[in-house]
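Below is one structure, written out as structure tokens; the observations come after it.
The values are calculated or read from the model by the stated rules, or taken from the named source; none is laboratory data. The structure displayed is predicted, hence computed values, not measured ones. Ideal geometry is used to build each Cβ from the backbone, glycine not excepted, and the neighbour counts take in all protein chains shown.
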Amino acid sequence: MTDLRSTAIHYAHQNRSRFLTELKEFCAIPSVSTDAERKADVRRAAEWLAGRLMALGVVNVQVFETAGHPVVYGERLDAGADKPTVLIYGHYDVQPAEPLELWESAPFEPTERGEHLYARGATDMKGQVIASLAAIEAILQSGRLPVNVKFMIEGEEEIGSPSLDAFMDSHRRLLACDMVLNPDSGILSADLPTITYALRGLAYFELHVFGPAHDLHSGTFGGVIHNPAQVLCELIAGMHDAHGRVTLPGFYDAVLPLSDEERAELARLPIDESHYLQESGAPALWGEAGYTAVERTGARPTLEVNGLLSGFTGEGQKTVLPAWAMAKISCRLVPNQNGEEVYGQMLRYLETHAPKTVRWSLKKMTAGPPAMSDRHSKGVQALGRAMETVWGVRPLFKREGGSVPVVAQCHKHLGVESVNTGFSMSGDNMHGPNEKVHLPTLWRGVDAFIHFFFNLAE
């Protein structure tokens with residue numbers, strides 16, 4: 001290691017206790033973005049963060065107003081024009097803490113138990129934000145940043161980032177960068193560093209099927225009026241074939257196929273069928289034939305029914321033929337699928353298969369694009385070497401089944417890819433009671449960020 005790099009690592013190790021104190025202060029602020037009564041607390045978290053940025057030497061720190069909660073910005077651009085600029089993303093808002101009775105300690109009174117810190121936001125993602133700040137501070141206190149950095153930390157991620165598109169669109173020049181470092185992800189275990197290089201997109205629909213003008217007596221009208229609930233079930237059943245493939249016309253036309261090299265990389269993940277059975281409690285797995293469970297959950301598109309509603313669902317019995325039936329349906333999308341195109345495919349399926357005995361409507365709700373970063377890019381490779389230095393093993397590369405909209409937004413507005421990482425683990429109870437972060441892993445993360453910035457400059 002260079003002298004500056006080793007000095008920064010030493011500084012980070014010597015200041016872990018103070019970093020932990022700052023994380024506790026940050027987590028003690030109940031910045032629940034979905035709760036209108038917490039609006040002042042959300043702003044307090046933004047202002048705390050802005051103050052922390054200024055204290056460690058970040059300049060041009062601003063708390064930008066949006067239609068919702070503020071975005072915190074700051075920068076250090078003194079590495080020089082010949083060095084890359086990294087935009088560090090984060091969010092300071094958190095999920096509600098309810099049900100409170102299931103917490104072993106108060107959610108906004110950060111508590112250490114063993115090697116963990118318990119608090120709402122500890123792992124999602126105030127701990128990750130503090131890790132990135134700690135790395136920057138350690139380098140600045142030891143000398144000069146080897147790359148240029150900018151910060152964009154929002155307060156609405158837990159409610160879908162409704163203001164972020166407009167903010168990024170109107171601040172393209174301010175946010176201009178070569179890549180985004182997004183630590184809002186996780187690793188498979190404390191001993192298995194992980195880089196998430198692909199995220200699925202989302203297309204969400206609400207399908208209504210209408211029959212008679214009102215609910216009918218099933219004895220009087222059953223057999224002569226087509227039941228909307230039956231029609232809906234048959235339409236949904238037809239959206240998959242016997243091999244688990246989605247039958248919407250053209251659904252797979254744009255799907256980016258998996259290469260042999262990528263399938264080999266995914267096969268390194270220590271996740272087999274027993275993992276999914278154990279995590280889900282299901283009696284057996286199901287899915288598209290010809291793909292492993294890991295490939296299905298990260299690299300293949302899906303269509304899922306998220307909810308059904310029709311007729312009488314109360315206690316007891318009521319012999320009714322319902323007037324309507326409704327289903328909520330989501331599709332997870334992979335590169336190079338497009339939510340608008342999938343909406344059109346769903347419409348064509350319904351136009352072909354819905355009988356004339358009912359009327360139907362399809363409401364398009366959410367359409368978020370998938371995102372994928374080049375595993376061989378300069379940023380991903382710099383982080384991979386950093387993790388290998390800290391953990392002593394080559395990191396795993398993972399495709400995430402869920403969606404992180406900001407990754408696609410950064411590509412759309414700034415034209416750059418994201419390096420997605422983080423130090424949360426599956427047992428950290430993210431969004432649930434007793435959320436926690438594993439502190440030894442978080443400190444490793446600080447070291448990895450320090451190495452990342454130096455690797456990137458080299």
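Can you name the residue in region 1-36 that is among the β-branched types (Val, Ile, Thr) and assigned to a loop (DSSP other than H, G, I, E, B) and is also nearest to residue 450 (Cα to Cα) among such residues?
Selected residue: 2.
Considered as a group, the residues in region 331-351 that are within 23 Å of the chain's Cα centre (by Cα) and of a type in the set (D, E, K, R) include one that is farthest from residue 257 (Cα to Cα), and that residue is 340.
Take the conditions (1) assigned by TED's automatic domain parsing to the domain that holds residue 350; (2) in contact (Cβ under 8 Å) with a residue 60 or more places away in the chain; (3) not basic (Lys, Arg); residue 224 misses just one of them, which is (2). Of all residues in region 118-129, those that are touching a Pro at 6+ places or on another chain (Cβ under 6 Å) and either within 13 Å of residue 433 (Cα to Cα) or among the charged types (D, E, K, R) (or both) total 2.
Would you be able to say whether some residue in region 136-144 is in contact with a helix residue (DSSP H, G or I) (Cβ under 9 Å, 6 or more places away or on another chain), outside any helix (DSSP H, G or I) and farther than 30 Å from residue 295 by Cα? Taking every residue of region 136-144 in turn, at least one turns out to be in contact with a helix residue (DSSP H, G or I) (Cβ under 9 Å, 6 or more places away or on another chain), outside any helix (DSSP H, G or I) and farther than 30 Å from residue 295 by Cα.
Restricting region 369-402 to residues that are crowded, with 23+ Cβ neighbours inside 10 Å and part of a loop (DSSP other than H, G, I, E, B) leaves a set whose member that is farthest from the chain's Cα centre (by Cα) is 395. Inside region 282-300, residues that are surrounded by 15 or more Cβ atoms within 10 Å (Cβ to Cβ) and either on the phi < 0 side of the Ramachandran plot or part of a helix (DSSP H, G or I) (or both) make up a count of 11. What about residue 209, is it surrounded by 22 or more Cβ atoms within 10 Å (Cβ to Cβ), hydrophobic (A, V, I, L, M, F, W, C) and closer than 23 Å to residue 126 by Cβ? Taking the combined requirement at face value, the residue does not satisfy it. If you go through region 312-336 and keep only what is closer than 20 Å to residue 363 by Cβ and either free of Cβ contacts under 8 Å to residues at least 12 places away in the same chain or not in a strand (DSSP E or B) (or both), you end up with 322, 323.
Residues of region 199-219 include at least one that is of a type outside the set (D, E, K, R) and closer than 30 Å to residue 391 by Cα.
The residue that is surrounded by the fewest Cβ atoms within 10 Å (Cβ to Cβ), counting only those in region 418-443 that are under 16 Å from residue 128 (Cα atoms) and among the polar types (S, T, N, Q), is 426.
Scanning region 345-401 for residues being assigned by TED's automatic domain parsing to the domain that holds residue 184 and out of contact with any strand residue (DSSP E or B) (no Cβ under 7 Å at 6 or more places or on another chain) gives a total of 16. For region 318-340, a residue qualifies if it is buried (at least 18 other Cβ atoms within 10 Å of the Cβ) and charged (D, E, K, R), and exactly one does: 332.
Pairing residues of region 172-183 that are within 15 Å of residue 60 (Cα to Cα) with residues that are modelled with pLDDT of 95 or more and of a type in the set (Ser, Thr, Tyr), at Cβ distances under 9 Å and at least 6 apart in sequence or on separate chains, gives 174/73; 175/73; 176/85.
Could you list all residues from region 355-368 that are touching a Leu at 6+ places or on another chain (Cβ under 7 Å) and surrounded by fewer than 18 Cβ atoms within 10 Å (Cβ to Cβ)? 362, 366, listed by residue number. Is it the case that residue 34 is more than 19 Å from residue 150 (Cβ to Cβ) and of a type in the set (Val, Ile, Thr)? When the stated conditions are applied, residue 34 passes them. Taking the conditions exactly as written (crowded, with 18+ Cβ neighbours inside 10 Å, under 18 Å from residue 151 (Cα atoms) and either under 17 Å from the mean Cα position of the chain (by Cα) or among the small types (Gly, Ala, Ser) (or both)), does residue 415 satisfy them or not? When the stated conditions are applied, residue 415 does not pass them. Evaluation of residue 88 against the conditions (1) at pLDDT 95 or above; (2) surrounded by fewer than 20 Cβ atoms within 10 Å (Cβ to Cβ) shows that the sole unmet condition is (2).
Candidates are the residues of region 352-368 that are over 21 Å from residue 340 (Cβ atoms) and charged (D, E, K, R); the one that is farthest from the chain's Cα centre (by Cα) is 356. Quickly run through region 4-34 and pick out the residues that are touching a residue at least 24 places away in the same chain (Cβ under 8 Å), within 24 Å of residue 159 (Cα to Cα) and surrounded by fewer than 16 Cβ atoms within 10 Å (Cβ to Cβ). 34 - this is the single residue of region 4-34 that is touching a residue at least 24 places away in the same chain (Cβ under 8 Å), within 24 Å of residue 159 (Cα to Cα) and surrounded by fewer than 16 Cβ atoms within 10 Å (Cβ to Cβ). Given 75, 109, which one is touching a residue at least 12 places away in the same chain (Cβ under 8 Å), in the same structural domain as residue 416 (by TED's automatic domain parsing), among the charged types (D, E, K, R) and in a strand (DSSP E or B)? Checking each option against the conditions leaves just 75.
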